[in-house]
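**Student:** One structure is given below, represented as structure tokens, and several questions about it will come after.
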Amino acid sequence: QPQIHCESCEKKITGNLRFEKGVKQIECDIEGQLVTITYDADKTNSEAIIKSFSKFGYKASEVKTEKSSLPSK
């Protein structure tokens with residue numbers, strides 16, 4: 001949950017995060033101040049992704065959500 005103010009912020013975030021190892025998909029919600037990242041858990045983790053935000057001048061925190069779209073086993 002970084003501070004996103006405009007489309008320029010969104011482009012900076014997506015442009016930098018797409019090069020992080022394991023990141024598969026990035027969705028930004030400027031109004032909601034949220035970035036949703038889909039990643040390969042074998043290649044990275046939420047802590048590494050949060051740390052990567054600081055490389056390009058942003059602070060981020062993790063917001064847990066339920067994965068209701070996944071089938072239960």
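The values are calculated or read from the model by the stated rules, or taken from the named source; none is laboratory data. Note that this is a predicted model, so its numbers are computed, not measured. Using ideal geometry, Cβ is built from the backbone for each residue, glycine included, and neighbour counts are taken over all protein chains shown. Heads up: the accessible areas ignore ligands, DNA and RNA and are worked out on the full protein's heavy atoms, side chains in. Shrake-Rupley method; radii C 1.70, N 1.55, O 1.52, S 1.80 Å.
**Student:** Could you list all residues from the range 7-19 that are assigned to a helix (DSSP H, G or I), free of Cβ contacts under 8 Å to residues at least 40 places away in the same chain and either in contact with a Leu (Cβ under 9 Å, 6 or more places away or on another chain) or farther than 17 Å from S61 by Cβ (or both)?
**Tutor:** E7, S8, E10, K11, T14, G15
**Student:** Quick one: would you say K24 is out of contact with any helix residue (DSSP H, G or I) (no Cβ under 7 Å at 6 or more places or on another chain), modelled with pLDDT of 95 or more and not in a loop (DSSP other than H, G, I, E, B)?
**Tutor:** Details: out of contact with any helix residue (DSSP H, G or I) (no Cβ under 7 Å at 6 or more places or on another chain): yes; modelled with pLDDT of 95 or more: yes; not in a loop (DSSP other than H, G, I, E, B): yes.
Judged against the criteria, K24 is a match.
**Student:** Is there any pair with a first residue in the range 20-43 that is farther than 15 Å from T65 by Cα and a second that is in a strand (DSSP E or B) and open to solvent by 90 Å² or more (accessible area, probe 1.4 Å) whose Cβ atoms are under 8 Å apart and which are 6 or more apart or on different chains, and what are they?
**Tutor:** What qualifies is D40/K24.
**Student:** Before we move on, is E47 among the charged types (D, E, K, R), in a helix (DSSP H, G or I) and within 12 Å of the chain's Cα centre (by Cα)?
**Tutor:** Against the criterion (among the charged types (D, E, K, R), in a helix (DSSP H, G or I) and within 12 Å of the chain's Cα centre (by Cα)), E47 qualifies.
**Student:** Taking the conditions exactly as written (loosely packed, with under 14 Cβ neighbours inside 10 Å and touching a residue at least 40 places away in the same chain (Cβ under 8 Å)), does K59 satisfy them or not?
**Tutor:** So K59 passes the test.
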